[in-house]
Amino acid sequence: VEEAQSQKARTQSFVDQFARIYTPAVLALAGLVVAVPPLFMGEPLVDWFYRALVLLIISCPCALVISTPVTIVSGLTAAARRGVLIKGGIHLENLGKVRAVALDKTGTLTMGKPGVIEVIPLNHRSKNDLLAIAAGIESRSEHPLAAAIVEKACSDGLPPLEVLDFRSIPGKGATARVDGHEYSIGSHRFFCEMKFCTPQLEQMVEPLEKQGLQVIVVGCEHGIAGIITMADVVRDESLSAVRALREAGVKRVVMLTGDNSVTARAVAEKVGVDEVSSELLPMEKMEAVRDLSRRYAVTAMVGDGVNDAPALAAATVGVAMGAAGTDQALETADVALMGDRLSLLAWAVHLGHRALRIIKANIALSIGIKIIFLIMAVDGTATLWMAIAADMGTSLAVIFNGLRLLGDSTSLHSPS
């Protein structure tokens, strides 16, 4: 939280700039109050010197300057207590302005821990050979699907084969050399782009994808080596989390994924998002987020993988699923949900709304009281003790008002 404060909120920066102009202006005004009436109007110096002192005391910008940082620190602390790490006041403010949210599928709306359903060898390969080759290549990858293939091979007593010249192709798959042969592994789309698709392969893949299964194809220079089908489980809270986002004021919830359109639509129907874009490469995800920003101004992107990093950076607020997220996603994101609880996103948006309301109320209170007492000071109706009470009272009022956000850390009710 201390490090997060190094990046000030926009409102806090505005208040600091305002105070740099306001303070010397008030000092100049006090000088005019104490000098002009005695010198040019023959008024008693003691009386106007007293009024100038009252003006200086009530004009002290303490309440105004402290109104925003206290609220921001309280909000960041409340979020940290709930397992939401917000990397700066500006991101807390932006959360309160979010109107559209883009969600990755694997690892965000789903558990991100898919399991291997079936290994289908082709062209006279055995299941064990196909699985060992696939595990060898995927052992070098960070994708959740890769980890599931390696885990399946190990559980079957098949250590991953050693590979050379490994190359990851983001959003598509990977290639490597195994036992002197060049192998590729990846999505159905990846192999279609490489012109490896055959009528036999299409006939096998289509019904599998209609079942909502993720199809991974393994091939070499001699053709298709086999197919591995996988399935991921939708998080129990995904449907309620999407509903809570709408209740928190989010106008549009979309799902962005690199998976095939059939699988993507099946998940989208279960979680209730407004629209879905499938078979997206990392750069295409980024463009989709930018398009969403053009339509709704302030957007959030939620993801957990390497492929999500460009989209996280493009969003107004990038949100990483912390515990399961990759280092790249966590480093790029502005907010991390450390407990992998998607429902906390709606709570964070609600916290941002409250922070903005309290900041505006504090600034209005600080400026309003000062204007009233500035008039009273020049008019001579305000006394020193009234000025001191008003100044300290306003400072305490904005502090305690900002500290109310700390109560949100223990509130478990719906953001509605």
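The table below lists the values:
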read-out	value
Relative contact order (%) - region 228-358, alpha-carbon pairs under 8 angstrom, separation at least six	21 percent
Rg/Rg_globular for region 82-123, with Rg_globular taken as 2.2 N^0.38 Å and Rg from C-alpha atoms	2.04
Spatial extent of region 208-358: Rg and Dmax, with the Cα atoms as the point set, Å	16.6, 66
Separation of alpha-carbon centers, region 183-212 and region 340-369, rounded to whole Å	49 Å
Most mobile listed residue (Met376, Met283, Met41) in the chain, GNM with C-alpha springs under 10 Å	Met41
Against the rule of thumb 2.2 N^0.38 Å, how large the Cα Rg of region 54-192 comes out	1.80
Trypsin sites (Lys or Arg not before Pro) lying in DSSP loop within region 204-254, provided at most 13 other Cβ fall within 10 Å	Lys251
Residues in region 185-205 that a label on Arg140 would reach, taking backbone N under 14 Å of a point 7 Å out along Cα→Cβ	185-186
Charge sum, other residues only, whose C-beta stays under 14 Å from Leu122's C-beta, Lys/Arg counted +1 and Asp/Glu -1	-1
Convex hull volume per residue in cubic angstrom - Cα atoms of region 120-274	121 Å³
Calculated on alpha-carbon atoms, Rg and Dmax of the chain in Å	29.9, 110
Segment Leu239-Phe166, extension gain: residue separation times 0.36 nm, minus the distance between their alpha carbons	22.5 nm
Fraction of accessible area attributable to carbon and sulfur, the chain (%, probe 1.4 Å)	60 percent
Kirkwood Rh in Å, taken over all unlike Cα pairs in region 247-307	12.3 Å
Computed over the chain: relative contact order in percent, which uses C-alpha pairs under 8 Å that are six or more apart	24 percent
Loop sites in region 72-143: GluC sites (Glu not before Pro), DSSP, at most 15 other Cβ within 10 Å	Glu142
Förster-model FRET efficiency, 25 Å R0, Leu39 and Ile375, C-beta, rounded to 0.05	0.65
Given charges at Cβ of Lys, Arg, Asp, Glu: region 272-416 dipole, positive-most of Ala313, Leu356, Leu337	Leu356
Considering only the chain, percent of DSSP beta bridges that pair antiparallel, nearest 5	60 percent
Whole-number accessible area per residue in Å² for the chain, which is evaluated in the context of all protein chains at 1.4 Å	45 Å²
Cα shape, region 287-416, gyration tensor, a/c 1.5 rule	prolate
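The values are calculated or read from the model by the stated rules, or taken from the named source; none is laboratory data. Owing to the predicted nature of the structure, the values given are computational and were not obtained by experimental measurement. Methodologically, a virtual Cβ is constructed for each residue, glycine included, from the backbone with ideal geometry; neighbour enumeration extends over all protein chains shown. Ligands, DNA and RNA are excluded from the accessible area calculation, which covers all protein heavy atoms including side chains. Shrake-Rupley method; radii C 1.70, N 1.55, O 1.52, S 1.80 Å.
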